[in-house]
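Participant: Below you will find the structure I want to go over with you.
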Amino acid sequence: MPGSRKLGRTTDHRKAMLRAMVTFLLENGQIETTVTRAKEVRAVAEKMINDLHSKRQVMAYVTKESVAKKLFDEIAPNYADRQGGYTRIIKTGLRRGDAAEMALIQLV
């Protein structure tokens, strides 16, 4: 598991949350979340795009088969000549309810 942030969740809940967030990021190109969650999602997503050595690993992690297909057919070929830095985190300010620092994470 990349990073060491627990994000105030149990292990199973944290893994499920990150799987869902990575899937939505790959599907939609960007998501809005807290900065700490965005950093965890970045670590997982960058490895998915960079290490396409096993389709089985991606299929086991990404929750939608269509998103995995999109990753291999559309997203990965765009970054073939790039050494890294496939995502961008843009801080958007504080959340109104609890003043958590929010960010937009997007594929570059």
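Participant: With the other protein chains left in place, how much accessible area per residue, in square angstrom, belongs to the chain at a 1.4 angstrom probe? Walk me through the numbers on the way to the answer.
Facilitator: Numbers: 6630 Å² over 108 residues.
Normalised by residue count, the accessible surface of the chain is 61 Å².
Participant: Now, a different point. What part of the accessible area of the chain, given as a whole %, is carbon or sulfur when the probe is 1.4 angstrom?
Facilitator: Details: 3140 of 6630 Å².
Summing carbon and sulfur atoms, their accessible area is 47 percent of the total for the chain.
Participant: Can you give the calculated 222 nm mean residue ellipticity of the chain, where each DSSP H run of n ≥ 4 adds -39,500 (n - 2.57) and the sum is split over every residue, rounded to the nearest 500 deg cm²/dmol?
Facilitator: Numbers: 4 runs with 47 residues, N = 108.
Theoretical 222 nm ellipticity from helices: -13500 deg cm²/dmol.
Participant: For LYS15 and GLU74, what is the calculated FRET efficiency with R₀ set at 25 Å and r taken between the beta-carbons, to the nearest 0.05? The partial results should precede the final answer.
Facilitator: Working: r = 26 Å, r/R0 = 1.03.
That gives a FRET efficiency of 0.45.
Participant: Report the trypsin sites (Lys or Arg not before Pro) located in the stretch 21-108 that are in a DSSP loop and have at most 14 other Cβ atoms inside 10 Å of their Cβ, or state none.
Facilitator: LYS64, ARG82, ARG95, ARG96
Participant: Turning to a different aspect of this structure: Quick one: if you stick a label point 7 Å off each Cα along the C-beta vector at LYS47 and ARG82, how many nm between them?
Facilitator: If labels sit at LYS47 and ARG82, their model points lie 1.9 nm apart.
The values are calculated or read from the model by the stated rules, or taken from the named source; none is laboratory data. In this text, all values refer to a predicted model and were calculated from it rather than measured experimentally. With ideal geometry, Cβ positions are generated from the backbone for all residues, glycine too; neighbour counts draw on all protein chains shown. All accessible areas refer to the heavy atoms of the entire protein, side chains included, with ligands and DNA or RNA removed. Shrake-Rupley method; radii C 1.70, N 1.55, O 1.52, S 1.80 Å.
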